[in-house]
1. Please give the length that would be gained between Q31 and H123 if that part of the chain were fully extended, namely 0.36 nm times their separation in residues minus their C-alpha to C-alpha distance (nm, one decimal).
2. Figure the gain on full extension for T15 and S66 (residue separation times 0.36 nm, minus the Cα-Cα span) and round it to one decimal in nm.
3. Please work out how much length the chain gains when fully extended from K47 to T148, using 0.36 nm per residue of separation minus the C-alpha to C-alpha distance, in nm with one decimal.
4. Using only Cα atoms, locate the centre of segment 101-146 and the centre of segment 17-63, then give the distance between them in Å, rounded to an integer.
5. Where does each of 97-107, 127-137 land if you order them by average Cβ count within 10 Å, highest first?
Amino acid sequence: MIHSIISSTFQPSSTIKYWTVQSLEAWDAAQRSGFLHGHPEHIMFMKPYHWMMSQMGQRLPGYDGSYPVWVWPQQPDLQELHHYTGRQQCVCLTLRLQQEDVLLSDFEEWHAVLNDTFNARNHREWQRYRAGYGTITKEQSWQRIFETERPDRQSLTGQTSWRQLQGVTGAVPLEQVVTVEHLNEASARKRYYYV
C-alpha cells in the first residue's frame, strides 16, 4: 500500500529529482534532526563504503564527509528487488538535489568494488588480468563505475545490457524532500536490499 504526502514545495530550476528508499526509523530521525543522513550501523560493506566516500570527497565540491545517502536518478519500481528494503515500513522520498551534489555510478559495476574484484570491460580483459597481464590495477578499474555516459554495459559473457545508475550524496536537508510515500509490504515474505 502506498500513501503520498507532499512535504515541501522546494523546486529550484537548477535541481534534479532523485529518489531514495529509507526505513521509517531513518525518516523519523531525519524529521527530528532536519537532515537525512547515511548511518554506519546499516552498512554491510564498510571498506567499499569508505572507498566511495573518498571518491565523493574527490568528485563532489560541497561534500560534507558524512556517510552516503543512496539515491536513484530514475523513479524506482518499489516492488523490484533492489529498491524495496524488506522492512515492514519504509518511505520512498522524492528529493530535489543539485547535480554537483550527487555522484552517479553504475549499479552493477559497483559490485566489483563490493566484491573487491577487477572491473573488466570484457572477457578478454578479465582473462589478461587474471593471468597477470593487466594494463591497469584492480583499484584503477573501479574508476570505470563513474563513466556514466557509456550507453550500455557488456558482461563477461559478452552480452550487452542496459545500465542502471545509482547515486550517492551527503546529508540531505529536509527542505530538499519533495514527496514522501509511506510503503507497507502486504506479503510477509522478506526482500533484501543489496547496496
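Rule-based calculations on the coordinates, nothing more; no lab input. Bear in mind the structure is a predicted one, so any value in this text is a computation, not a measurement. No Cβ is skipped: glycine too gets one built from the backbone with ideal geometry, and neighbour counts run over all protein chains shown.
1. Working: separation 92, 0.36 × 92 = 33.12 nm, distance 4.75 nm.
Contour length minus the Cα-Cα distance gives 28.4 nm.
2. Working: separation 51, 0.36 × 51 = 18.36 nm, distance 2.08 nm.
Here the answer is 16.3 nm.
3. Numbers: separation 101, 0.36 × 101 = 36.36 nm, distance 2.28 nm.
Length difference between fully extended and current span is 34.1 nm.
4. Cα centroid of segment 101-146 versus Cα centroid of segment 17-63: 23 Å apart.
5. Numbers: 97-107: 18.6, 127-137: 11.9.
Averaged packing, sorted descending, gives the order 97-107, 127-137.
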